[in-house]
Every structure is written in structure tokens, then in C-alpha cells.
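Reviewing the structure listed below.
Read the figures in this text as sums done on the coordinates, not as results from a lab. Because the structure is a prediction, the values reported are computed rather than measured. Because the Cβ atoms are built from the backbone with ideal geometry, glycine has one as well, and the counts that use them run over all protein chains shown.
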Amino acid sequence: MSVIAIQSKLRDYTVHFQNDVSFIEGFTRFPQRLFVIDENVWKLHGTGCLAALADSERIIFPVSEERKNLVGVMELYDRLMECSAKKNMTLISIGGGIIQDITGFVASTLYRGLNWVFVPTTLLAQADSCIGSKTSLNYKRFKNLIGTFYPPSEVYIFSGFLQTLEKYDFLSGMGEVAKLHIMGGNDSISAFAVALPALLGRDDDAILLAIHRSLMVKLSYMEGDEFDTGRRNWLNYGHCFGHALETVSDYAIPHGQAVVVGMLVANRVAVQRGLLSEVFAQRLAEQFLGPLLDFKLELSGYSMVEFITAMRQDKKRVGDGLVMVMVTDAIVMVKVDDVTPEEIEMAVQSFS
Ligand SMILES: NC(=O)c1ccc[n+]([C@@H]2O[C@H](COP(=O)([O-])OP(=O)(O)OC[C@H]3O[C@@H](n4cnc5c(N)ncnc54)[C@H](O)[C@@H]3O)[C@@H](O)[C@H]2O)c1
Ligand SMILES: [Zn+2]
């Protein structure tokens, strides 16, 4: 199966696409290895895909946003010390974005860096977060405020894990897949529109193709900007309003779903500014984004003041205005940093 080789200033790494889970047996090449596995994944796959790990040294870790912080990290440090973790150990994590963030942070800090292998098991982690080197922890009520840049040395993608994902988590991942396909240009937009029914039916081949394309698009935006100071910022399309919606909904709306709404709102602002045509915005809304929403889009129940306050707290904002990444008809991304609360309000009102 195919491999994507990624060059990083931190260390080069590889993403391996797999047809089955035989790669797990290959982990015996790491003499000192310790698995950290998402508790739900272990419950669902411990006697199936992951049966080869029955006798392996492992930590089964329950995940939640409330544990994706320094307390969760300290818990994991303690567990690793109980397992006599040494500098030459390889940490192998199996799970979604939360397991990735906690174990990645631990791997980057314990003994100033452990070898780390990641097996993503959610669509969001397979199609988006597994590359890009970021580890992120929540601090108090601030999401992803603390973090490091630390790539795993190897990533293994087996789409069979996705069959057991709850619909809610699957659609959340689809939000990021849609974002990356839009950012990939006209060909990937058309490919996504054609593949959408198969993707929603969780067809393995369609999913693998979409994951591969998503990662290649993400990679193209990271090129030359690994540490997110310029071009990579455009990947924040849908995230400026999306993060605010996550905060205001008290995280009841999962990340990728909030990103879908964020793209719809960003597109409305882009139409108002003459950056995007009404026709293209409608096409994106009807063919791409609308079908991915797991709930009826109704923003009038939220407070506009809270949206604006949350957008002002965006950790990437440096000036006075509100920041938003938008897409144009020519699929050129633009980052606008003088968006006004009135523009957001007008866009939000169109979803009331
Ligand atoms: N570091 C990064 O670059 C980056 C990028 C995007 C998002 N994130 C973070 O990732 C997190 C979201 O990731 P996520 O959507 O993968 O969520 P997650 O890790 O919380 O997983 C979602 C749910 O799915 C369960 N699960 C995992 N694999 C499963 C499977 N195969 N079958 C059934 N259930 C399974 C988990 O136990 C959890 O309940 C957020 O905390 C977000 O901030 C990080
Ligand atoms: Zn995201």
C-alpha cells in the first residue's frame, strides 16, 4: 500500500496506508515498547483488530476533553514510570485526536523526547491531525492553549477502525475532509461531490482515497511553513467561527461539525465582501457542507455577544479586527483580519 514521506525540520516521518492490521506484529522490532490505547478503541477492537496486543505492555486510557490537559499528562507520566519507562522506549499510541494530543505531548517532553508511533483510529485523526506535528492541551477553559511541535516517527492508517465510529464522530471527521477537499481546488471539489454518498456509507475504498487526498492537500499548505506563521494559517478556514461555536455551545458541537458551520459562515462573509459568488457559495452549502451536518443549523439560539467575545479570544488573533480565512471562486485562500462584528452578525442571521 502507499506511503507518504513527510519532511520535517524536526524529523522526517512516514504515513503508511494499510489494508489490514498485520503492521501491528511488526512493532516487535521496537525492543522497548509501550502501547497507550484509547479505552473505547480497546473495548471495541481488543479482541478483534488489536488481539495481537493481548499480552503486550499497555496502558488503556479513557479519553475526554476534560483530561486533555496537564493533569491527564501527569497521570500518563505516572503510569509510564510505573512501567519503568526509559529514554530508549517507543511509545505507540492508538486512538483519535485526544490520544494523539496527550501522548504526543508526553512523548515530546518525557526525557526530552521519546520515539513515538501513532495509529489514528478516528476519521479526524487519520485525514487531518496525524500530520502537522502539533500536540495540544487544554488549559483551564482555554482549548489547545499549550502544546509542542513533535511529529511521530511513523503513522499507520487502517480505515477498518472507522467502521465502529459513532455517526457523530464520523461526521465530525468529514467536516475536516470537506475543508481539505475545498482547499485542494476544483478537481478535489468535484471528486468529493462524486464520492460523498460512498463516503457517508463508509465505503472503505472511498474513505482511503479521501484520507489520502486530504493529507496531500494539508501537506501542500504546510510546505515551507511547518511552524504555522504564514500559509499554514489558511488551514484555519472554518475554524475562526468554528472555534467560537465550540466554546459558545460548551463543546456540545464536536470540532469538525463546528468547522462545517464555520465554513458556511465564512462563505457568507466572503459573499458579502464580493470575494465569493453567491452561486459558488450555494453549491458548497448544498453539495458539500449541508449534507455533513448532524443537526439542524439554527444559530439564533446563541448569543451574538458570546460569539464575538469568543472570536476575539482566538489565540491566533494579533490585531484589533476579527480574523477569518475565506475561500474565493478561484479557490485562492485569503486571511482577512478586519472583519467586523456586524459582518459576522449578518452572516449568522442567514442561518437563523
Ligand atoms: N494536534 C492536532 O493537530 C489536532 C488537530 C485537530 C484536532 N485535534 C484535537 O483532536 C481532538 C478531536 O479528535 P477526534 O475527533 O479524533 O476525537 P477523540 O479522540 O475524542 O475521539 C472521538 C471519540 O471516538 C472514540 N473512538 C476513537 N476511535 C474509535 C473507533 N475506531 N471506533 C469507535 N470509537 C472510537 C473516542 O474514544 C472518543 O470517544 C480534539 O481534542 C482536537 O482539539 C488535534
Ligand atoms: Zn480542525
If unit charges are put on Cβ atoms (+1 for Lys and Arg, -1 for Asp and Glu) and the dipole of the stretch 1-57 is taken about its Cα centre, the option from 13, 48, 35 lying farthest towards the positive end turns out to be 13
Two pseudo-spin positions, 7 Å from Cα along C-beta at residue 78 and at residue 141, lie apart in nanometres by 2.7
Answer in debye to the nearest 20: the dipole magnitude of the chain about its Cα centre, from +1 Lys/Arg and -1 Asp/Glu charges placed on Cβ, is 820
Bounding extents of the stretch 120-197 in its principal axis frame from Cα atoms, largest first in Å, are 41, 30, 29
So the compactness index of the stretch 3-164, its C-alpha Rg divided by 2.2 N^0.38 Å, takes the value 0.95
Ranked from fewest to most other Cβ atoms within 10 Å of their own Cβ, 130, 49, 83 fall in the order 83, 49, 130
Of the convex hull drawn through the C-alpha atoms of the chain, the volume per residue in Å³ is 126
So, relative contact order of the stretch 47-151 in percent, Cα under 8 Å, 6 or more apart, is 25
Expressed to one decimal in nm², the mean projection of the alpha carbon convex hull of the stretch 169-276 is 7.5
Normalised per residue, the volume inside the convex hull of the alpha-carbon atoms of the stretch 1-46 in Å³ amounts to 125
per DSSP, antiparallel bridges as share of beta bridges in the chain, % nearest 5, sits at 40
One quarter of the C-alpha convex hull surface, i.e. the mean projected area of the stretch 168-349 in nm², amounts to 9.8
Between the modelled labels at residue 302 and residue 190 (7 Å from Cα along Cα→Cβ) the distance in nm is 3.5
Lys and Arg at +1, Asp and Glu at -1: neighbours of residue 212 with Cβ under 15 Å from its Cβ sum to -4
For the stretch 217-299 (alpha-carbon point model, no solvent) the Debye-based log₁₀ I(q)/I(0) at q = 0.20, 0.22, 0.23 Å⁻¹ works out to -0.99, -1.09, -1.13
Between residue 36 and residues 5 or more places away or on another chain, the pairs with built amide H atoms under 5 Å apart involve 59, 92, 93, 94
One would report the antiparallel percent of DSSP beta bridges in the stretch 3-164, rounded to the nearest 5, as 30
Under the 7 Å Cα-to-Cβ spin-label approximation, residue 55 and residue 342 lie apart by a distance in nanometres of 7.2
Residue separation between residue 153 and residue 295 times 0.36 nm, minus their alpha-carbon distance, gives in nm 47.3 nm
Computed about the Cα centre, the charge dipole of the stretch 164-240 from +1 Lys/Arg and -1 Asp/Glu charges at the Cβ has a magnitude in debye, to the nearest 20, of 180
Toy charge model, Lys and Arg Cβ at +1, Asp and Glu Cβ at -1: the stretch 3-164 dipole around Cα centroid in debye, rounded to 20, equals 560
Once the dipole of the chain is set up from charges on Cβ (+1 Lys and Arg, -1 Asp and Glu), the residue from the list 3, 190, 351 lying farthest towards its positive end is 3
Looking only at lysines whose Cα falls under 17 Å of residue 143's and that sit 8 or more positions away or on another chain, we get 68, 134, 315, 316
Once phi for every residue in the stretch 182-192 is put through the Karplus expression 6.51 cos²θ - 1.76 cosθ + 1.60 (θ = phi - 60°), the whole-Hz ³J(HN,Hα) values, with Gly and Pro written as x, are 5, 5, x, x, 4, 5, 6, 5, 5, 4, 5
